[in-house]
1. I'd like to know if the stretch 355-375 contains one or more residues that are acidic (Asp, Glu), open to solvent by 10 Å² or more (accessible area, probe 1.4 Å), touching a residue at least 24 places away in the same chain (Cβ under 8 Å) and over 22 Å from Ala120 (Cα atoms).
2. Can we say Leu294 is touching a residue at least 60 places away in the same chain (Cβ under 8 Å) and in contact with a Cys (Cβ under 6 Å, 6 or more places away or on another chain)?
3. How many residues does the stretch 260-284 hold that are closer than 15 Å to Asn211 by Cα and in a loop (DSSP other than H, G, I, E, B)?
4. Got a number for residues in the stretch 465-474 being part of a helix (DSSP H, G or I) and loosely packed, with under 10 Cβ neighbours inside 10 Å?
5. From the list Thr80, Thr7, which residue is outside the structural domain of Ile240 (by the TED database) and open to solvent by less than 70 Å² (accessible area, probe 1.4 Å)?
6. Conditions: (1) within 15 Å of the chain's Cα centre (by Cα); (2) assigned to a helix (DSSP H, G or I). Lys117 meets all but one. Number of the miss?
7. Failed condition for Ser225, given (1) open to solvent by less than 40 Å² (accessible area, probe 1.4 Å); (2) under 24 Å from Glu123 (Cβ atoms), with all others met?
8. Inspect all residues belonging to the stretch 263-274 and state whether any of them is assigned by the TED database to the domain that holds Ser219, within 24 Å of Asp103 (Cβ to Cβ) and surrounded by 17 or more Cβ atoms within 10 Å (Cβ to Cβ).
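The values are calculated or read from the model by the stated rules, or taken from the named source; none is laboratory data. Just so it is clear, the model here is predicted, and its values are computed rather than measured. Neighbour counts run over all protein chains shown; Cβ positions are idealised from the backbone, glycine included. Just the protein is used for accessible areas: all its heavy atoms, side chains included, with ligands, DNA and RNA removed. Shrake-Rupley method; radii C 1.70, N 1.55, O 1.52, S 1.80 Å.
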Amino acid sequence: MARNPVTWLGSPTFPKAAREALQDTQLRQNLRKATGTIRGRRESAVAEMTDWEMLRVAGEQIKDDVLARLDTLLVQLEETVTARGGVVHWARDAEEANRIVLDLCRAEQADEVVKVKSMATAEIGLNEALEAGGVRAIETDLAELIVQLGDDRPSHILVPAIHRNRSEIREIFQRRMGIEVSDEPADLAEAARVYLREKFLTTKVAISGANFAVADTGSIVVLESEGNGRMCLTLPETLITVMGIEKLVPTWQDLEVFLQLLPRSSTAERMNPYTSVWTGVTPGDGPQRFHLVLIDNGRTATLTDSVGRQALRCIRCSACLNVCPVYERTGGKSYGSVYPGPIGAILTPQLVGDMHDPQAASLPYASSLCGACFEVCPVRIDIPSVLTHLRAEVVEAKGRTPESVAMAAAAWIFREASRYEKAQKAGSLARFLARDGKITSLPWPGSRWTSSRDVPAPPAESFRAWWRKNRCQE
């Protein structure tokens with residue numbers, strides 16, 4: 001179960017987890033190959049669109065409009081879903097959402113459910129909550145199935161099993177399915193297909209997430225590439241959809257923008273092979289009972305932050321993960337959250353809502369601030385700006401620390417030119433500690449630096465002094 005929203009129980013801080021991940025050469029090799037391939041394909045798909053930047057701006061504006069009118073749009077969505085035979089449930093947090101879904105499953109006397117890949121259900125720890133309540137959830141997305149059968153955790157938004165190669169997947173399938181199979185992709189896919197087909201035909205309840213919900217019609221939209229999701233959405237008698245409250249778009253015209261942005265940014269496709277849309281209940285066609293569970297789970301609190309709220313624009317494309325040099329080397333599990341990579345570094349701390357939490361507070365530092373994430377984000381989330389904003393909140397939450405005292409002292413010195421010059425002269429005395437132009441050992445707190453690297457010896461004369469001596473007379 002999640003310790004709190006979106007984080008995993010017992011997760012270490014990012015620096016500690018990253019150091020351990022960097023020792024895994026197979027992991028780095030798997031990540032480098034996978035992210036490089038996805039990155040290259042995305043660039044080609046985006047290059048076809050002459051109006052790509054205009055689409056990004058449109059996506060940004062639509063999402064900001066949704067966040068500004070979220071209260072009224074959510075009421076409109078509830079009215080339109082209800083008018084078309086669906087039932088809407090409201091959940092303040094993960095615990096309430098899990099209880100609602102478990103009660104719905106029990107009402108259908110279901111001890112097994114099939115699931116469409118969903119970040120929202122992973123965020124609230126739904127599978128674990130159902131298991132504790134006597135209901136087994138079966139993931140039907142191939143990558144999610146690999147993670148589930150391997151008793152593993154996902155490490156990527158789009159490709160949860162990106163950290164696994166096909167030999168590792170073969171071993172998992174043979175061990176958990178009790179079959180012999182080669183490591184050829186076609187054979188592995190066929191093994192999963194046979195395993196899942198019986199579940200699709202016999203399970204009466206399905207659970208899904210949602211990529212989008214259209215407020216003015218009550219339509220729910222799920223995009224996928226395999227077709228397993230469509231089996232879940234059409235065959236069972238009851239469908240339960242769990243959706244974050246920010247997933248709205250006002251109209252079908254607004255949805256058009258995202259149906260162009262999302263496929264190219266995520267799977268590098270012009271359109272998703274399977275785009276499923278349903279509106280309430282249609283007698284005699286598809287599930288005859290539809291429940292929509294709307295979860296807050298920290299989103300309303302995130303809305304109050306004028307800088308951080310832009311994280312709620314996210315459409316879960318994972319483009320930022322595929323260009324991030326930190327993610328490529330450490331993998332998704334180092335983030336200790338269902339939302340890895342740059343977007344996780346800004347979304348998770350806000351959904352957790354506690355900068356005193358060591359693990360969540362470490363995430364805004366899981367970045368080089370290179371800005372590549374902002375350049376590829378289809379809805380123009382300025383992730384570097386949010387990262388620095390959240391870092392300031394972490395520092396404030398810590399209160400008075402040696403680091404904050406040092407920074408305050410530096411700020412006091414830099415405010416006056418005379419103080420700055422005196423500090424330079426005092427600092428130049430450190431050259432007497434140098435050997436061969438380097439200082440290899442300093443007393444605390446400087447020892448924290450020299451324990452792993454040398455310090456270049458400062459010059460005997462500062463730049464300002466040199467300038468006055470050599471140039472001011474010209």
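1. So far as the stretch 355-375 goes, yes, one or more of its residues are acidic (Asp, Glu), open to solvent by 10 Å² or more (accessible area, probe 1.4 Å), touching a residue at least 24 places away in the same chain (Cβ under 8 Å) and over 22 Å from Ala120 (Cα atoms).
2. no
3. Adding up the residues that qualify gives 4.
4. Qualifying residue count for the region: 1.
5. Exactly one of Thr80, Thr7 is outside the structural domain of Ile240 (by the TED database) and open to solvent by less than 70 Å² (accessible area, probe 1.4 Å), namely Thr7.
6. Result: Lys117 passes all but (2).
7. Looking at each condition in turn, Ser225 falls short on (1).
8. no
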